[in-house]
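So the structure is just underneath, and the comments pick up after that.
Each value in this text was obtained by applying a stated rule to the coordinates, not by laboratory testing. Only a predicted model underlies this, so the values are computations on that prediction, with no experimental measurement involved. Positions of Cβ are generated from backbone atoms using ideal geometry, with glycine treated the same way; all protein chains shown enter the neighbour counts.
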Amino acid sequence: MDAQFQIREDLLDVAGELDLSCAEAFRDALVELLEKAAHPHVDVSGVESCDLSGLQLLRAAVVSGEAQGTPVVVTGGDGVVDEACRRLGSSLGELLQGGR
């Protein structure tokens, strides 16, 4: 399934295949969320597959949120997204914390 992004108030729901083919749309959705949300939250529980581009964009959103003083919460990554991180020798928690 192609990736789908839906913003509702402070929440961005992400579903489908999170890969290079949808990177621009995912980036645009993350930028919109960061511009509008007081408490940005990204739910990736609907993601069916994820590649490095999706992980990089998640990390960039977290870094951007920190720089703006608006922490980004990522939930639902204990399945496909965390597995993508493990294939790279990391975990979603490490990715989002920048290896700290």
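Tabulated values for the structure
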| quantity | calculated |
| --- | --- |
| Expected 222 nm ellipticity per residue - DSSP helices of 4 or more, -39500 (n - 2.57), all of the chain, to 500 | -13500 deg cm²/dmol |
| Gained length - Q56 relative to D28, 0.36 nm times residue gap less alpha-carbon distance | 8.7 nm |
| For the chain, Kirkwood radius (reciprocal of mean inverse C-alpha pair distance, Å) | 13.1 Å |
| Using a Förster distance of 30 Å, the FRET efficiency for S90-E35 (Cβ separation, nearest 0.05) | 0.60 |
| FRET efficiency for S21 and S64, using Cβ-Cβ distance with R0 set to 30 Å, rounded to 0.05 | 0.85 |
